[in-house]
Amino acid sequence: MLILLPPSEGKAERGTSTVRRLGFPELASPREKVLDALVSLCRTPDARDVLGLSEGQAGEIERNLALPTARTLPVAALYTGVLYDNLGLATLSPEARRRADRRIVVFSALWGLLRPSDRVPPYRLSMGVRLPPMGGLAAFWRPSISAVLDATKGLVVDMRSATYAAAWQPGERGVAVRVLREAAGKRTVVSHMAKATRGVVARALVETPDRPRTAGDLADLLTGLGHRVELAAPAGRGRPRTLDVIVDE
């Protein structure tokens, strides 16, 4: 089972060592290309506009310029925000941490794919950026990521945002997790609460040694763990199924 997560804009600040070997070594070449392009961009006056930064975020450009020699920290500690706060990688048991490192894959505009134990420096780059000279990063990463993940087996639990989902689609072995809020008999899609719920669900899936092999197995497992879920049919042939997690207002 793979659990696909987006990164977060919020990142911890302090690292202790420089970048070394990362997981998914097949991505070394595209990683180097994106890193070089990002550093080159940040030497130009266009950097803030291309990266979508406000005047108050100008310090992110200096951070990116320092990336080649910047100190690193584990991905498990790097990303902050609602999803990662509720996932709570730092508070997992040793056994659950090992499962998390096997099961969780974080999509990154700079690094492509990351495992929780990988060490990288804080950076600022979104998959939605058109980075000169390669253009849209989702399209740039798609061939390399597809070559890696298409070769994997098993269920894919997809909790990414649409921006990061554009870089790879798991097809019919995927299950996209959607969070719905129920109030007064009506259900609506939620955003902020969705991040928290996805974090809780991801934590549940690394705390359990169970390995669901199908979408039905996943729904049964989460139901047994106390979640209200409903499994929808795929939107078409070769498309992932949708698993709705229902939360009360």
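The values are calculated or read from the model by the stated rules, or taken from the named source; none is laboratory data. Since we're looking at a predicted model, the values are computed, not measured. We place every Cβ from the backbone using ideal geometry, glycine too, and count neighbours over all the protein chains shown.
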Assigned to a helix (DSSP H, G or I) and either among the charged types (D, E, K, R) or touching a residue at least 40 places away in the same chain (Cβ under 8 Å) (or both), is that true of PHE140? yes
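Mind checking which helices (runs of 4 or more DSSP H) fall wholly inside segment 58-126 and carry at least 2 residues that are under 14 Å from the mean Cα position of the chain (by Cα)?
Details: elements: 59-65, 75-78, 82-87, 94-103.
The qualifying helices (runs of 4 or more DSSP H) are 75-78, 82-87, 94-103.
Does ALA167 meet the test of being of a type outside the set (Lys, Arg) and either assigned to a loop (DSSP other than H, G, I, E, B) or free of Cβ contacts under 8 Å to residues at least 24 places away in the same chain (or both)? Working first, answer last.
Working: of a type outside the set (Lys, Arg): yes; either assigned to a loop (DSSP other than H, G, I, E, B) or free of Cβ contacts under 8 Å to residues at least 24 places away in the same chain (or both): yes.
So ALA167 passes the test.
Here's the yes/no breakdown for (1) at pLDDT 95 or above; (2) over 24 Å from LEU27 (Cβ atoms):
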position: VAL39; (1), (2): yes, no
position: TYR84; (1), (2): yes, no
position: LEU92; (1), (2): yes, yes
position: ARG97; (1), (2): yes, no
position: ARG115; (1), (2): yes, no
position: PRO122; (1), (2): no, no
Is one or more of the residues making up segment 71-79 surrounded by 18 or more Cβ atoms within 10 Å (Cβ to Cβ), out of contact with any His (no Cβ under 6 Å at 6 or more places or on another chain), hydrophobic (A, V, I, L, M, F, W, C) and farther than 22 Å from THR152 by Cβ? yes
Yes or no: segment 190-197 includes at least one residue that is at pLDDT below 95, loosely packed, with under 15 Cβ neighbours inside 10 Å and part of a loop (DSSP other than H, G, I, E, B). yes
Which numbered condition in (1) at pLDDT 95 or above; (2) polar (S, T, N, Q); (3) closer than 25 Å to GLY199 by Cα is the only one that SER144 fails? (3)
